[in-house]
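The values are calculated or read from the model by the stated rules, or taken from the named source; none is laboratory data. A quick note: this is a predicted structure, and the numbers were derived from the prediction, not measured. Note that we place each Cβ from the backbone using ideal geometry, even for glycine, and neighbour counts take in every protein chain shown. In case anyone asks, the SASA skips ligands and DNA or RNA and just uses the protein heavy atoms, side chains included. Shrake-Rupley method; radii C 1.70, N 1.55, O 1.52, S 1.80 Å.
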Amino acid sequence: MMPARLRPEDVRPRTLWALRRLAPVPRFVPLVAFVVVVLLLGMWVGGRHSDWLPGPLRDALVGDGDTAVVREAIDRVHDTYYREIPKSALANDAIAGVVSKLGDRFSNYFDPSQYKRFKDAQNSEFSGVGLQVSRHPKGLRVDAVYDGSPAKRAGLRPGDVIVAADGRDLAGLSQQESVDKVKGPPGSQVRLTWVRGGKRYTKTVSRSTVTVPVVASQLRSEDSCKIGVVRLSQFSSGAHAEVYAALRKLQKRGAKVFVLDLRDNGGGLVSEAQLIASAFLKDGPIVTTRGRAVKEQTLRATGDPVVPTAPMSVLVNGDTASASEIVTGALQDRDRATVVGTETFGKGVFQEVLELSNGGALDITAGQYFTPKGRNLGGKGVSKGKGIIPDVRAKDDPKTKPDEGLDRAMAVAGAKCPS
């Protein structure tokens, strides 16, 4: 079993992609996991013709009547349907059907290939050319090009539209199908064609293992006060180390107050939320998790904080969710930071990732989480709640060049700048 993690619904399409995850729903994961393991592993002992086994042994190896009939249905479809469908595909569809019937947008079944992509995203690492893309009618629109990546060396820029890969037009394909044409194992090559300003470019690009940066920082000034701004894009494995390093670097450059920018951060690993909150809090509670089959646990601040007392603000918006809301809620409840922005997403549940014998995994809502003051930010069951209400309201206007939200967060923190 993997630890749990926090993850909200996908609030915006992303090609790249949170231990104990935050998500919604009650939890009968052990039952689901047992059923799936029996289906995929245990049933071969008895198969469809297991009536000769003693009752208790048959139930242990083949499953009770409810689980045995699932195997029976898979066998009947495999043997009778007019075209042959691999049993592995039928099993994948059966598991996906169980999860989809939960009516829980936060719970998922990942087949083996999907689970690999999920783990790559959690590690902020993937094999490809180094792009963040979104769907475009003609293929894939380039949203970001990572520094030092093969795509950067090939000359791709944000705004370019990739229209073909290895001579195959991408128009009409889904975003994932198009991405699969571009991605590939390290060392392999792909011939990309893209359009910029009406002109077509074609180059052969060598794929490599790309690490996605999750932290960006800058030193700003507000009325002669030096302000350290740290933006975190996701709570992936190791994100806390990058945040710590950025904070220390800003301190050396003279930063007296800080802004933690969690806008558009959809969450990630609960352990990373604990460690990142610990950068600003000394001891004390950060979050409590509770579930039907999960022992109640309170995670506390650990180690010595990097920025223990300097004034700070946390910048949030409607896409600030899950692990981001845990950190924001802890800093707000413990009067450590002023929250600036708009209401957050409102996710009050977490998920556990349960690996399966076929190489896939269940990503199932296991319980709820609560801030230090006992707040649950979600709604009833797995529905969205009110989220975190900011102390100071501010919102960026995408039509203007200045970042009004960041400007307001800096002004709030800067007003408390030590003399």
Over all alpha-carbon pairs in the range 258-306, figure out the percentage whose distance exceeds 16 Å. 48 percent
Residues with amide H under 5 Å of VAL205's amide H, sequence separation 5 or more or different chain, H placed in the peptide plane at 1.01 Å from N; which? VAL190, ARG191, LEU192
Cα-Cα over 29 Å, subset of LYS87/LYS138; LYS183/LYS395; LYS226/LYS282; LYS252/LYS347; LYS282/LYS416: LYS87/LYS138; LYS183/LYS395; LYS252/LYS347
For GLU272, GLU125, the accessible-area ranking with a 1.4 Å probe, largest leading, is GLU125, GLU272
Taking R0 as 60 Å, what's the FRET efficiency between ARG220 and ALA73 from their Cβ-Cβ distance, rounded to 0.05? 0.45
Suppose accessible area is computed on protein heavy atoms with a 1.4 Å probe; arrange GLU355, GLU343, GLU325 from highest to lowest. GLU355, GLU343, GLU325
What fraction, in whole percent, of alpha-carbon pairs in the range 208-300 exceed 17 Å separation? 57 percent
Students often get this wrong: which residues of the range 210-251 have the backbone nitrogen under 11 Å from the point 7 angstrom along Cα-to-C-beta of CYS417? 220-228
Find the accessible area per residue for the range 234-304; the probe is 1.4 Å, ligands and nucleic acids are left out, and the unit is Å². 41 Å²
Cα gyration tensor category, rounded, prolate or oblate, for the range 285-330 with a/c compared to 1.5: oblate
Considering only protein heavy atoms, what per residue accessible area in square angstrom results for the range 143-208 with a 1.4 angstrom probe? 52 Å²
Taking a probe of 1.4 angstrom, what is the accessible area of VAL98 in Å², to the nearest 10? 80 Å²
Mind grabbing the accessible area of LEU356 for me, 1.4 Å probe, Å², rounded to tens? 20 Å²
Could you work out how much longer the chain between LYS401 and ALA293 gets when fully extended? Use 0.36 nm per residue separation minus the Cα distance between them, nm to one decimal. 33.9 nm
Just to verify a number: what accessible area does ARG290 come out at with the full protein assembly present, 1.4 Å probe, Å² rounded to tens? 110 Å²
Rg and Dmax [Cα atoms of the range 144-211; Å; Rg one decimal, Dmax integer]: 11.4, 31
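Could you work out what % of the accessible surface of the range 215-272 is carbon and sulfur, using a 1.4 angstrom probe and leaving DNA, RNA and ligands out of the count?
The C+S portion of the solvent-accessible surface of the range 215-272 is 44 percent.
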Using a 1.4 angstrom probe, figure out how much accessible area the range 326-419 has per residue, in square angstrom, rounded to the nearest whole. 42 Å²
What do you reckon, how do ASP261, ASP335, ASP319 stack up by accessible area (1.4 Å probe), largest on top? ASP335, ASP319, ASP261
For a protection proxy built on the mean count of beta-carbon atoms within 10 angstrom, sort 166-173, 401-408, 278-285 highest first, please. 278-285, 401-408, 166-173
So for the range 138-258, what percent of the C-alpha to C-alpha distances run longer than 22 Å? 50 percent
Report D for the range 79-163 in µm² per second (integer): Stokes-Einstein, Kirkwood Rh on Cα pairs, 37 °C, 0.692 mPa s. 204 µm²/s
So what J values fall out for the range 134-150 if you push phi through Karplus, 6.51 cos²θ - 1.76 cosθ + 1.60 with θ = phi - 60°, rounded to Hz, Gly and Pro as x? 9, 5, 9, x, 9, x, 10, 8, 7, 8, 8, 10, 7, 4, x, 8, x
